[in-house]
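S.K.: Questions regarding the structure given below will be posed in turn.
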Amino acid sequence: MKLRMILSLTIVCLLSAFLLSWVYKTTEPKIEKDKAGKLKIHLMETAFPDAFEYEVSTKDTTFWIAYDSLKKTIGKAKFEEIIPDTLWSVLDTLGEQIGIVFKVYPKGYGGPIETLVGLSMDTIITGIRPATPAEGLKETPGLGVKILEPWFKRQFIGKKEKEVLLKKDGGTLDAITASTKSSRAVANGAREGIERYKKYLRYQAIE
Amino acid sequence: MFKHFTEGIIKNNPVLVLMLGLCPTLAVSTTALDALGMGVAVIFVLVLSNITISALRKVIPEPIRIPVFIIIISTFVTIMDFTLHALSSELYGALGIFVPLVVVNCIILGRAEAFASKHGIFTSFLDGLGMGIGFTIIIFLMGAIREILGSGKIFGNIILGTTFAESPVIYMILPPGGFLVIAFLMGGLNWFQQRSK
């Protein structure tokens with residue numbers, strides 16, 4: 001009886017593992033392609049939502065080399081303080097840099113709100129894009145999730161660092177009714193991201 | 001035999017009568033669309049796991065049946081997660097967050113233990129389908145009621161006028177609203193059943 005128990009559990013586990021690895025292998029290329037495609041669409045939405053042809057590059061080597069050398073000169077802790085969490089550069093069709101997109105994780109009501117922020121070269125916001133609930137947004141359904149509504153995201157476009165504050169805090173942005181905490185998180189996250197990016201630009205200028 | 005199918009819908013409704021799967025019913029019913037998505041995901045996994053478990057019921061030794069059930073259920077959930085993502089990225093965007101939640105839905109393990117491990121393949125299929133539909137009806141009702149009162153919308157379209165949609169009963173889409181609605185649904189079903197006796 002004992003042997004039978006061990007055998008049947010082992011067989012079920014093995015079958016399940018084989019089946020799953022087969023399904024994983026067959027679906028993986030499509031899933032990866034889908035993820036990469038989505039990231040690109042998200043970056044494009046954030047960089048210049050209504051603009052001309054351009055390319056969002058994740059493989060801009062010169063940019064990353066400059067980045068790495070900066071990390072070495074100023075140390076990791078300082079680097080993390082001045083650089084937004086993840087950064088992509090936006091290139092036009094000739095390969096000239098015309099903006100950047102970075103990702104910040106401000107703390108909202110239910111957890112961190114993963115937000116992409118696009119900036120032009122003169123550090124004016126070109127667009128923002130918080131993650132959707134399917135991508136891990138944990139704000140209250142029907143309330144905090146309204147940070148995804150187009151009117152809320154649109155009001156960030158064209159704003160400078162100092163204007164990215166809720167009206168309640170002395171800025172120019174309307175908050176969502178009954179979701180001030182989520183609205184404030186996105187606004188402050190975007191502004192802090194710009195501040196850190198500007199610090200990075202100053203460091204770069206000194207070098 | 002057909003009664004195995006209809007039982008899950010009213011008489012033995014998994015949520016309101018058997019009190020199974022209360023957690024997803026309360027958590028994923030803030031909008032009608034989310035609720036429907038959760039319901040469809042549960043139907044799919046419940047039917048497949050019921051069929052498999054019923055087919056294997058004579059091979060699985062009694063003392064280790066629960067771990068075997070759990071492996072089978074989570075295998076189906078994972079397969080569904082991958083396939084859905086590969087087949088349609090839009091559908092995955094809408095349903096993706098609910099798929100992993102299906103594995104902890106106790107209706108599925110409950111039916112595997114109470115029904116599929118003791119009945120034939122076809123009756124287990126009917127039971128799974130009936131229970132799944134019963135679950136979907138209730139979670140969809142909850143979602144619709146909570147969305148209408150809590151956001152003034154249904155499937156994202158404004159009803160009850162724009163004034164209401166601007167200041168709806170936010171309480172209804174917060175957790176306490178879920179408990180309130182499910183209590184009314186349970187009371188309503190009991191009242192209906194006692195009256196028809």
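The values are calculated or read from the model by the stated rules, or taken from the named source; none is laboratory data. Keep in mind it's a predicted model, so treat the numbers as computed, not measured. Positions of Cβ are generated from backbone atoms using ideal geometry, with glycine treated the same way; all protein chains shown enter the neighbour counts. For accessibility, only protein heavy atoms count, side chains too; no ligands or nucleic acids. Shrake-Rupley method; radii C 1.70, N 1.55, O 1.52, S 1.80 Å.
S.K.: Scan (1) within 14 Å of chain A (Cβ to nearest Cβ); (2) at pLDDT below 90; (3) assigned to a helix (DSSP H, G or I) for the single condition B:S49 breaks and write down its number.
M.R.: So the condition that B:S49 fails would be (2).
S.K.: Okay, moving on. Suppose we filter region A:2-16 for residues that are at the interface with another protein chain (Cβ under 8 Å from one of its Cβ atoms) and either closer than 17 Å to B:I70 by Cα or among the hydrophobic types (A, V, I, L, M, F, W, C) (or both); how many remain? Give the derivation first.
M.R.: Quick first cut of region A:2-16, residues at the interface with another protein chain (Cβ under 8 Å from one of its Cβ atoms) only: A:4-5, A:8-9, A:12-13, A:16.
Narrowing the set further to residues that are either closer than 17 Å to B:I70 by Cα or among the hydrophobic types (A, V, I, L, M, F, W, C) (or both) leaves A:5, A:8-9, A:12-13, A:16.
Total meeting the criteria: 6.
S.K.: Then there is this: Of all residues in region A:17-48 being within 10 Å of another protein chain (Cβ to nearest Cβ) and among the hydroxyl-bearing types (S, T, Y), which is surrounded by the fewest Cβ atoms within 10 Å (Cβ to Cβ)?
M.R.: So the residue we want is A:T26.
S.K.: Identify, please: which residue in region B:57-81 is polar (S, T, N, Q) and either open to solvent by 40 Å² or more (accessible area, probe 1.4 Å) or within 18 Å of the chain's Cα centre (by Cα) (or both) and is, among those, nearest to the other protein chains (Cβ to nearest Cβ)? Lay out the reasoning, then the answer.
M.R.: The initial filter retains those residues of region B:57-81 that are polar (S, T, N, Q), namely B:74-75, B:78.
With the extra rule that they be either open to solvent by 40 Å² or more (accessible area, probe 1.4 Å) or within 18 Å of the chain's Cα centre (by Cα) (or both), the set shrinks to B:74, B:78.
Working: B:S74: 8, B:T78: 6 Å.
Looking at the filtered set, the residue picked out is B:T78.
S.K.: Still on this structure, please answer the following. Sort out which residues of region A:150-207 are open to solvent by less than 20 Å² (accessible area, probe 1.4 Å), closer than 19 Å to A:I124 by Cβ and part of a helix (DSSP H, G or I), and write them in order of number.
M.R.: Matches in region A:150-207: A:F152, A:V186, A:A187, A:G189, A:A190, A:G193, A:I194, A:Y197, A:Y200.
S.K.: Also, I was wondering about something else. Which members of region B:149-169 meet the condition of being within 13 Å of chain A (Cβ to nearest Cβ) and open to solvent by 40 Å² or more (accessible area, probe 1.4 Å)?
M.R.: If the condition is that a residue be within 13 Å of chain A (Cβ to nearest Cβ) and open to solvent by 40 Å² or more (accessible area, probe 1.4 Å), then B:L149, B:K153, B:G156, B:E166, B:S167, B:V169 are the ones that fit.
S.K.: Being within 12 Å of chain A (Cβ to nearest Cβ), out of contact with any strand residue (DSSP E or B) (no Cβ under 7 Å at 6 or more places or on another chain) and among the small types (G, A, S) narrows it down to one of B:A112, B:A86, so name that one.
M.R.: Values: B:A112 fails: within 12 Å of chain A (Cβ to nearest Cβ).
Unique residue meeting the criteria: B:A86.
S.K.: Could you tell me which numbered condition A:P130 fails, if it satisfies all but one of (1) modelled with pLDDT of 85 or more; (2) open to solvent by less than 50 Å² (accessible area, probe 1.4 Å); (3) more than 24 Å from A:S89 (Cα to Cα)?
M.R.: The one condition A:P130 does not meet is (3).
S.K.: Scan region B:106-133 residue by residue and report those that are under 30 Å from A:T132 (Cβ atoms) and out of contact with any Ser or Thr (no Cβ under 9 Å at 6 or more places or on another chain).
M.R.: Within region B:106-133, B:C106, B:I107, B:G132, B:I133 qualify.
S.K.: Of the conditions (1) part of a helix (DSSP H, G or I); (2) out of contact with any Lys or Arg (no Cβ under 7 Å at 6 or more places or on another chain); (3) away from every other protein chain (no Cβ under 14 Å), B:V104 fails just one. Which one is it?
M.R.: With (1) part of a helix (DSSP H, G or I); (2) out of contact with any Lys or Arg (no Cβ under 7 Å at 6 or more places or on another chain); (3) away from every other protein chain (no Cβ under 14 Å) applied to B:V104, the lone miss is (1).
S.K.: Would you confirm, using the coordinates I've provided, whether A:K107 is surrounded by fewer than 23 Cβ atoms within 10 Å (Cβ to Cβ), of a type outside the set (A, V, I, L, M, F, W, C) and within 14 Å of chain B (Cβ to nearest Cβ)? I'd like the intermediate steps shown before the answer.
M.R.: Details: surrounded by fewer than 23 Cβ atoms within 10 Å (Cβ to Cβ): yes; of a type outside the set (A, V, I, L, M, F, W, C): yes; within 14 Å of chain B (Cβ to nearest Cβ): no.
In short, no.
S.K.: Continuing with this model, one more query. State which residue pairs qualify: first residue farther than 15 Å from B:S29 by Cα and among the β-branched types (V, I, T) and inside region B:91-104, second residue crowded, with 17+ Cβ neighbours inside 10 Å and at pLDDT 80 or above in any location, beta carbons under 7 Å apart, and separation of 6 or more residues or different chains.
M.R.: B:V103/B:I73; B:V103/B:S74; B:V103/B:V77
S.K.: Now for a different question. So which of A:E135, A:E139 ends up being at pLDDT below 80, among the charged types (D, E, K, R) and under 23 Å from B:V99 (Cβ atoms)? Steps first, answer last, please.
M.R.: Details: A:E139 fails: at pLDDT below 80.
Residue meeting the stated conditions: A:E135.
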